[in-house]
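The values are calculated or read from the model by the stated rules, or taken from the named source; none is laboratory data. Since the structure is predicted, the reported quantities are computational estimates derived from the model, not experimental observations. All Cβ positions, glycine included, derive from the backbone under ideal geometry; neighbour counts span all protein chains shown.
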Amino acid sequence: MNQQQTDIELALDYANQGTAPTTIVRLKSGWVFLALNQILRGTCLLAAEPVVASLDELSLETRNIFIDDMLKTGAAIMNVTGADRINYLFLGNKDPVLHVHLIPRFTDEDPEFRVHGPWKYQQYLKFEIERDQSLIADLTQAL
């Protein structure tokens with residue numbers, strides 16, 4: 001790991017201190033956050049805690065717990081937002097720590113965008129506590 005904390009590590013610190021407004025819930029494998037950039041409404045991240053660089057660094061048992069938490073989070077997002085499916089993205093290029101982006105996809109998306117990855121979207125909704133508080137509460141309850 002680098003000496004300087006990544007954005008994900010900072011978010012985990014804030015979640016543990018109770019000061020991250022985007023925090024949804026602590027699961028067995030880590031924390032769920034509402035994404036600061038809402039590619040589509042309900043976009044979340046699941047960040048592993050303790051911090052590891054990749055899924056490959058986890059034991060089989062811990063890896064299964066992380067994947068189970070990921071799927072539970074995806075189901076909660078679908079239930080709360082009415083999404084048709086979830087895109088699960090493991091990237092780790094900017095923040096080389098284990099986290100997954102969960103991006104809901106909807107049947108009413110513009111067909112030009114629906115058949116492509118979420119990066120096709122050029123504009124995102126930025127997190128706003130007033131607007132997103134109820135979404136966080138609904139996702140917390142669902143998880």
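Would you say PRO111 is over 22 Å from VAL25 (Cβ atoms) and either touching a helix residue (DSSP H, G or I) at 6+ places or on another chain (Cβ under 7 Å) or surrounded by fewer than 17 Cβ atoms within 10 Å (Cβ to Cβ) (or both)? Steps first, please.
Working: over 22 Å from VAL25 (Cβ atoms): yes; either touching a helix residue (DSSP H, G or I) at 6+ places or on another chain (Cβ under 7 Å) or surrounded by fewer than 17 Cβ atoms within 10 Å (Cβ to Cβ) (or both): yes.
When the stated conditions are applied, PRO111 passes them.
Hey, any hits in the range 69-79 for a residue that's within 20 Å of GLN141 (Cα to Cα) and in contact with a helix residue (DSSP H, G or I) (Cβ under 6 Å, 6 or more places away or on another chain)? Yes, some residue in the range 69-79 is within 20 Å of GLN141 (Cα to Cα) and in contact with a helix residue (DSSP H, G or I) (Cβ under 6 Å, 6 or more places away or on another chain). Filtering ASP110, ASP95 for residues that are at pLDDT below 90 and within 23 Å of PRO21 (Cα to Cα) leaves a single hit, ASP95. The set of residues in the range 1-28 that are over 13 Å from the mean Cα position of the chain (by Cα) and surrounded by 20 or more Cβ atoms within 10 Å (Cβ to Cβ) contains only ALA15.
Confirm whether ASP132 is surrounded by 17 or more Cβ atoms within 10 Å (Cβ to Cβ), of a type in the set (D, E, K, R) and at pLDDT 90 or above.
Answer is yes for this residue.
Residue-level check: of (1) touching a Lys or Arg at 6+ places or on another chain (Cβ under 7 Å); (2) surrounded by fewer than 14 Cβ atoms within 10 Å (Cβ to Cβ); (3) modelled with pLDDT of 95 or more; (4) of a type outside the set (Asp, Glu), GLY82 misses just (1).
Taking the criterion of being closer than 24 Å to PHE106 by Cα and touching a Phe, Trp or Tyr at 6+ places or on another chain (Cβ under 7 Å), the residues of the range 1-39 that qualify are THR22, THR23, ILE24, LEU34, LEU36, ASN37, GLN38, ILE39.
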